Amino acid sequence: GDDTELADDGDPWSELRLFAALARSGDRASPPGPPAAERLRVATEAGAQVLGLAGRTGRLAPGFAADVVALDPRRATWPACDPAMPLLDLLLARASGRDVRMTMVAGRILYRDGRFTGLDAEEVAAAALRAAAAARHHPVRAPAAVEALGRALLDAYDAK
């Protein structure tokens, strides 16, 4: 993600729920908004495109970075949910950052079961400061990438 979530709570799952809610019509009888797969695609593939990483990350495929978030769906399924509900729909409806059990970036596990692994806190802080300083002097992302995200969002809204 681009780390600009609306709630500023570090929970991308709630942002995906907000996206779905905003995509719905105000009419109570309206369709439910973009399907789960389209919302996930906007968050992953379209997000990677806006960040200039298209073709390298944003999906699990040969030649792409192995960026993975593993969730424990047990909390999301309680209280009892419709057992016929597809897992992706369930996770997008109920998952939160508390359900994350493992994150992998470029094939390297950085977080597992509540602990960060293989990270030097001082190194991470220094890298964050360097990235923030570089961002202050970096031109705005290419207009084509921003336009591509806009098209992906419009396509998702139209998919309802």
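The values are calculated or read from the model by the stated rules, or taken from the named source; none is laboratory data. Bear in mind the structure is a predicted one, so any value in this text is a computation, not a measurement. Cβ: placed from backbone, ideal geometry, glycine included. Neighbour counts: every protein chain shown. When the accessible area is computed, the model is the full protein with side chains, heavy atoms only, and any ligands, DNA or RNA have been set aside. Shrake-Rupley method; radii C 1.70, N 1.55, O 1.52, S 1.80 Å.
A few notes on this one:
- Subset of the range 131-143 that is modelled with pLDDT of 65 or more and surrounded by 10 or more Cβ atoms within 10 Å (Cβ to Cβ) - its residue that is farthest from Ala54 (Cα to Cα): Ala133
- Residue count, the range 74-93 (criterion: free of Cβ contacts under 8 Å to residues at least 24 places away in the same chain, open to solvent by less than 80 Å² (accessible area, probe 1.4 Å) and either in a helix (DSSP H, G or I) or on the phi > 0 side of the Ramachandran plot (or both)): 1
- Test: residue in the range 105-124 that is modelled with pLDDT of 75 or more, assigned to a helix (DSSP H, G or I) and open to solvent by 80 Å² or more (accessible area, probe 1.4 Å): yes
- When residues in the range 34-52 are screened for being assigned to a loop (DSSP other than H, G, I, E, B) and modelled with pLDDT of 80 or more, 2 of them pass.
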